[in-house]
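Working notes for the structure below.
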Amino acid sequence: MNLILIVLALFLDFGSATKMVLVVASFISLITELFNTAIEAAVDHTSTEKHELAKRAKDAGSAAQLMALLMLFIVWIVALTA
């Protein structure tokens, strides 16, 4: 999805600053997803039993990704309606 959004940002008729913000927001979303995946893999590797701190770590990673996607959505809405 982010790759499609990056290509769209570069080819649609936006100013250079808007294009930069759209591409940066997409990369932030990608980077956040990588961190979320790393957190989940590390927690799963550490122990197979359920633990409250493991749940918190996974929930925090997922919340960070949700916030990154929300930011990406808002940036695109602002760019398309400006």
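The values are calculated or read from the model by the stated rules, or taken from the named source; none is laboratory data. Quantities reported herein were computed from a predicted structural model and do not represent experimental measurements. Virtual Cβ from ideal backbone geometry, glycine too; neighbours counted across all protein chains shown.
Would you mind telling me which numbered condition in (1) out of contact with any Ser or Thr (no Cβ under 6 Å at 6 or more places or on another chain); (2) in contact (Cβ under 8 Å) with a residue 60 or more places away in the chain LEU5 fails?
For LEU5, the failing item is (1).
Criterion first (without any contact (Cβ under 8 Å) to a residue 24 or more places away in the chain and more than 16 Å from VAL78 (Cα to Cα)) does ASP44 satisfy it?
Spelling it out, ASP44 is indeed without any contact (Cβ under 8 Å) to a residue 24 or more places away in the chain and more than 16 Å from VAL78 (Cα to Cα).
Determine whether THR18 is assigned to a helix (DSSP H, G or I), among the hydroxyl-bearing types (Ser, Thr, Tyr), loosely packed, with under 15 Cβ neighbours inside 10 Å and modelled with pLDDT of 95 or more.
no
Assess whether GLU49 counts as being assigned to a loop (DSSP other than H, G, I, E, B) and not small (Gly, Ala, Ser).
Yes.
Within the stretch 24-74, track down each residue that is among the β-branched types (Val, Ile, Thr) and farther than 14 Å from MET1 by Cβ.
The answer is VAL24, ILE31, THR37, ILE39, VAL43, THR46, THR48, ILE74.
When you scan the stretch 60-82, how many residues do you find that are among the aliphatic types (A, V, I, L, M) and more than 19 Å from the chain's Cα centre (by Cα)?
So the count comes out to 2.
Among the residues of the stretch 23-59, which ones are surrounded by 15 or more Cβ atoms within 10 Å (Cβ to Cβ), small (Gly, Ala, Ser) and either modelled with pLDDT under 95 or more than 14 Å from the chain's Cα centre (by Cα) (or both)?
Matches in the stretch 23-59: ALA54, ALA57.
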